[in-house]
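The values are calculated or read from the model by the stated rules, or taken from the named source; none is laboratory data. Remember, predicted model here, so these are calculated numbers, not experimental data. Virtual Cβ from ideal backbone geometry, glycine too; neighbours counted across all protein chains shown. Just so you know, the surface numbers come from the protein's heavy atoms only, side chains and all, with ligands and any DNA or RNA stripped out. Shrake-Rupley method; radii C 1.70, N 1.55, O 1.52, S 1.80 Å.
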Amino acid sequence: EPEVTQTPSHQVTQMGQEVILRCVPISNHLYFYWYRQILGQKVEFLVSFYNNEISEKSEIFDDQFSVERPDGSNFTLKIRSTKLEDSAMYFCASSEALYNEQFFGPGTRLTVL
Amino acid sequence: AQSVAQPEDQVNVAEGNPLTVKCTYSVSGNPYLFWYVQYPNRGLQFLLKYITGDNLVKGSYGFEAEFNKSQTSFHLKKPSALVSDSALYFCAVRADNYGQNFVFGPGTRLSVLP
């Protein structure tokens, strides 16, 4: 069964450093998303991406964040200058169509020291 | 704006008993409703969805949910709980006239006791 994959599973970084989180969505999906979940808290939407551009973003997704689909398979989230409060689990998701269910990857745990 | 409430942080049920995890929502248009389950250190797994049609939706692992428009609810149910159902359950909503993101509820931790 096709699934969304994410790498790395755990990333530790120093405050102020740049990180890139990687995702491979399901191959025939057209819509891609990033969410985050701070430990023990709710899942929060960050950004959605369709047709090689951002279609929607939340207030969390400020200028420190960017997304890219550099090739036909990868979908990346970059945080330019990490802050302590960026520590969270980051989930990538994809869906086949706009109102279909989203399939989530296993997540990347980001720890900012 | 869209919002989702899951009024119970924790639900405890004995194995073999029926379970209900509650969800209420608020949207400005027609709702698309989803349930996801999260096991420890794992991503979210899709359980079921309501888009249109029959108010009773059946999903994975014997779960079902009933859409109630008048009460703006979408409660998750299972006739007979298993210990392996113990996990964190999230309700999510999006409106047909709003953005593309899901709004998730805060989650309900289900513990099924043997």
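Here are some notes:
- Only the Cβ atoms of Lys and Arg (+1) and of Asp and Glu (-1) were treated as charged; on that basis the dipole of chain B about its Cα centre amounts to roughly 140 debye.
- Qualifying GluC sites (Glu not before Pro) in region A:15-113, DSSP loop, other Cβ atoms within 10 Å at most 11: A:Glu18, A:Glu59
- Pairs of alpha carbons in region A:1-59 whose separation is greater than 20 Å (percent): 38 percent
- Accessible carbon and sulfur surface of the protein assembly as shown relative to its total accessible area, %, 1.4 Å: 47 percent
- Chain B against chain A buries an accessible area of about 1800 Å², both chains summed, 1.4 Å probe radius.
- Solution diffusion estimate, µm²/s, Stokes-Einstein, chain B, Kirkwood Rh from C-alpha pairs, 10 °C, viscosity 1.306 mPa s: 113 µm²/s
- Surface analysis of chain B yields an accessible area of 46 Å² per residue, using protein heavy atoms and a 1.4 Å probe.
- Alpha carbon centroid spacing (whole Å) that separates region B:29-81 from region A:57-111: 25 Å
- Neighbour net charge for A:Pro8 - beta-carbon separation under 15 angstrom, K R +1, D E -1: +2
- Coil-residue trypsin sites (Lys or Arg not before Pro) of region B:8-75, DSSP, other Cβ within 10 Å capped at 11: B:Lys69
- Gaussian network model of chain B, springs between alpha carbon atoms under 10 Å - residue of B:Ser28, B:Ser80, B:Ser70 with greatest fluctuation: B:Ser70
- Residues losing 30 Å² or more accessible surface upon assembly, region B:40-55, compared with the chain by itself, 1.4 Å: B:Asn41, B:Gly43, B:Leu44, B:Phe46, B:Lys49
- Surface exposure of chain A, expressed per residue as accessible area with a 1.4 Å probe, stands at 50 Å².
- Whole-angstrom Cα spans of the protein assembly as shown along principal axes, big to small: 50, 39, 33
- Distant alpha-carbon pairs in region A:1-101 (separation over 24 angstrom), percent: 18 percent
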